[in-house]
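Before any comments, here is the structure.
The values are calculated or read from the model by the stated rules, or taken from the named source; none is laboratory data. Computed from a prediction, not measured in an experiment: that's the story for all the values here. Quick reminder, even Gly has a Cβ in these numbers, built from the backbone with ideal geometry, and neighbours come from all protein chains shown. These area figures cover heavy atoms from the full protein model, side chains too; ligands, DNA and RNA do not enter into them. Shrake-Rupley method; radii C 1.70, N 1.55, O 1.52, S 1.80 Å.
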Amino acid sequence: MQIASWVVRQPGAAMSHEIREETAHPGEVIVQVAACGVCHTDLGFYYEGVPTRHPFPLTLGHEISGHVVEAGEGAERWVGRNVIVPAVLPCGDCEACRSGRGPICPKQIFPGNDVHGGFGTHVRVPARGLCPVPDLGGHDLNPSGVDLAALAVIADAVSTPYQAIIRSGLEPGDLAVFVGVGGVGGFGVQIAHALGAAVIALDVDDGRLEQMATHGADVTLNPARVDFKQLRRLVREAADSRRIPTWRTKIFETSGSPAGQTTAFGLLGHGGYLSLVGYTPKAVEVRLSNLMAFDAVAQGNWGCLPELYPAVVDLVLQGKVALTPFIERRPMASINEAFAQLHAGGVSRRLVLIPES
Ligand SMILES: [Zn+2]
Ligand SMILES: [Zn+2]
């Protein structure tokens, strides 16, 4: 079938609207895109020289929800279903996958990186790992009132912090600290709160902090307004007042900025845990020996295993994680302006692009 999509031919140069022919191969489906969110990672590929695994020309976009319209051999049961396409689709068969290490599957498919992504009318992806979306009709089923397009952000911005939180072993009564509460961290705050943790939100944007104060953050702090020592003391006080020791404090770096990484690392205490969820190609200087001296753990997180997606969808449909106040819908035809605006830092919500019907 014919697919129209926005193609990057040269990083930073306007994406062109192009038509190509695609057929679902065995085990694959073609999804009619309901929406595709724009991620910091797309900006990295487009502006910062982060290489995509499949070279340009390539269509970006890995935060996809949609409707399956065509299936290859063995994937026929998916036709007609609404789905979320996980940003990372492990093969499920290799040694890494069989050992539960799907995020590092060498054969994984990451739309908009390994294959053409979701900034188009349709996308061709493997059926394995797709997350079926339950019936969204009726308030009983969907008290949050979200639609299929809004669910696109689950494919990365919501599921990625979810996996990071699950891996951290966060338990009710623990303290979760999010450094950066934009696209990813704002959902992380809500998830950690829903799981029963006390939550501190850090961001240099006061508007974001205000929003998080009504969406799960118990304490909000702006690192631009206090020096680091003071910030560290305020975090400690918030923990002490709740009798939470440093070893029950889980720090999540969700800003993907060098300053955020430095702050997050600096907040580690004895037995602490740091999860790196954001990405920056820039290097930072930290005293790595703190990990040794504090018997602390730092762990990276790549995407989210498809098997964890249904739990994330449940949190959203139960209204425990709000999407609507954190996303902004735009027509996909405005993709070049949207990227430019995001790059300039002029957008505070997660942008979700809707293809023209
Ligand atoms: Zn992403
Ligand atoms: Zn694999």
(request) Using only the Cα atoms of the chain, build the gyration tensor, take square roots of its eigenvalues as a ≥ b ≥ c, and label the shape rounded, prolate or oblate: rounded if a/c is under 1.5, else prolate if a/b is larger than b/c, else oblate. (result) prolate
(request) Mind checking the stretch 172-232 for trypsin sites (Lys or Arg not before Pro) that DSSP puts in a loop (not H, G, I, E or B) and that have at most 13 other Cβ atoms within 10 Å? (result) Arg225
(message) I'd like the distance between the alpha-carbon centres of the stretch 13-86 and the stretch 323-355, rounded to an integer number of Å.
(response) 18
(request) Can you spot the lysines whose alpha carbon is less than 29 Å from Lys282's alpha carbon? Ignore those fewer than 8 places along the same chain. (result) Lys107, Lys229, Lys250
(message) Can you give me the % of accessible surface on the chain that is carbon or sulfur? Probe 1.4 Å, all protein chains present, nothing else counted.
(response) 53
(message) I'd like the orientation of helix 185-194 relative to the chain: the angle between its Cα long axis and the longest Cα principal axis, in ° from 0 to 90, rounded to 10.
(response) 70
(request) May I ask you to rank Met1, Met292, Met212 by accessible area, largest first, using a 1.4 Å probe over the protein chains only? (result) Met292, Met1, Met212
(message) What does DSSP give for the chain in terms of the percent of beta bridges that are antiparallel, rounded to the nearest 5?
(response) 55
(message) As an exercise, identify the trypsin sites (Lys or Arg not before Pro) in the stretch 84-157 lying in DSSP coil whose Cβ has no more than 15 other Cβ atoms within 10 Å.
(response) Arg101, Lys107
(request) Let me know the longest stretch in the chain that avoids all GluC sites (Glu not before Pro) found in a DSSP loop with at most 10 other C-beta atoms within 10 Å. (result) 74-284
(message) I need to check one value: relative contact order of the stretch 286-357, counting alpha carbon pairs closer than 8 Å and at least 6 residues apart, in percent.
(response) 27
